[in-house]
1. Quickly run through region 150-167 and pick out the residues that are more than 23 Å from Gly208 (Cα to Cα) and outside any helix (DSSP H, G or I).
2. Taking Val96 as the residue in question, decide whether it is crowded, with 18+ Cβ neighbours inside 10 Å and assigned to a loop (DSSP other than H, G, I, E, B).
3. If I ask for residues that are within 12 Å of Leu86 (Cα to Cα) and either assigned to a strand (DSSP E or B) or in contact (Cβ under 8 Å) with a residue 60 or more places away in the chain (or both), which ones from region 114-149 would you list?
4. Please go through (1) in contact (Cβ under 8 Å) with a residue 24 or more places away in the chain; (2) in a loop (DSSP other than H, G, I, E, B) for Asn173 and return the number of the only condition it doesn't satisfy.
5. When you check Phe201 against the structure, is it of a type in the set (Phe, Trp, Tyr) and assigned to a strand (DSSP E or B), yes or no?
6. Among the residues in region 155-170, are any within 29 Å of the chain's Cα centre (by Cα), in the same structural domain as Val277 (by TED's automatic domain parsing) and β-branched (Val, Ile, Thr)?
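The values are calculated or read from the model by the stated rules, or taken from the named source; none is laboratory data. Not measured: the values here are computed from a predicted model. Virtual Cβ from ideal backbone geometry, glycine too; neighbours counted across all protein chains shown.
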Amino acid sequence: MLRGGVRWLLLFVLGLAAGGILGAASGLRSAGDAAVPVIPKALREGATRFAPPAKAEPRRSLRDVRFAPPLARAGRPRIAVVIDDLGLSHNAFARVNALPGPLTLAFLPYGPDAQEMLDSVRPGHEVILHLPTEPVSKTEDAGPDMLRPGDPASIEATLALNLAKLSGFKGVNNHTGSRFTADTDAMSTLLAALNRRGLYFLDSVTTGHPVAHRLAQGKGYRVIERDVFLDSNYDAGATGVKAQLAALEDIAIRDGQAVAIGHPYAATLEALGPWLVTAQARGFELVTAGDLAGERIVSASLR
């Protein structure tokens, strides 16, 4: 009897111990299960896979950070984009004219239908005359009625001939002109003549020794200079243009303003269009070249 009681007592104690161990093990599993988040069925099935939490704060994507407005020194950096060599092709003009602006459109005076195109420029765009001026290279053709260094009367007569071919423009920039725009006497004559007519001069900077900006100091001449050629690396296509646009932004942030000149090439317009659409949202102000040169209104009869 005693042996049977002891046997049952031992079995009872062993049962309690086993139950404790199993209970502890069960508790560990429960704790472990609680640490694993429960995934709702809808989320597992993908119905709300990309939905943010109901009360989550909005997060900035990498794209938001890439296109965040730049930090300007004072106000919004201003950028003027000029498209040269217009007036020869209706198709090229139509593609440029359709771009959002403001843009500055530079028309060659000898284009057969240049005035017709100029008259249909969209409001907001500005027009300037793309003035043929003499290059250093003898193989580079600037076109008819090119300005050459020489006596002031000859320069003024050739200038007047070019200005008379078109109407409705606010300023002038040089077409080629690596020789002419480096000549102090020739440029002194040109700038004085443009100033009398209320026209500004945009130096395309086709020479390593431009003199216009220096000559304008202290005389009130409205002169600005090109900072970037958008399509200087023609073989790089749209990729090269995008790199130049990035450089343009850097200059504008650094200096508060910048001027770019491009041409109506397909690759240039391919890269430029989307950039123009997003420029303002990224903190830049698009302006005309005339805005950067300042305003001075003189009767067109002097032209």
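1. Narrowing region 150-167 to residues more than 23 Å from Gly208 (Cα to Cα): 151-154, 156-167.
Scanning region 150-167 gives Asp151, Ala164, Lys165, Leu166, Ser167.
2. Details: crowded, with 18+ Cβ neighbours inside 10 Å: yes; assigned to a loop (DSSP other than H, G, I, E, B): no.
Spelling it out, it is not the case that Val96 is crowded, with 18+ Cβ neighbours inside 10 Å and assigned to a loop (DSSP other than H, G, I, E, B).
3. Listed by number, the residues that qualify are Val127, Ile128, Leu129, His130, Leu131.
4. (2)
5. Numbers: of a type in the set (Phe, Trp, Tyr): yes; assigned to a strand (DSSP E or B): yes.
So Phe201 fits the description; yes.
6. No, because not a single residue in region 155-170 is within 29 Å of the chain's Cα centre (by Cα), in the same structural domain as Val277 (by TED's automatic domain parsing) and β-branched (Val, Ile, Thr).
Condition check ((1) modelled with pLDDT of 95 or more; (2) within 13 Å of Asn174 (Cβ to Cβ); (3) buried (at least 16 other Cβ atoms within 10 Å of the Cβ)) across all residues:
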site: Leu103; (1), (2), (3): yes, no, yes
site: Asp119; (1), (2), (3): yes, no, no
site: Leu131; (1), (2), (3): yes, yes, yes
site: Glu134; (1), (2), (3): yes, yes, yes
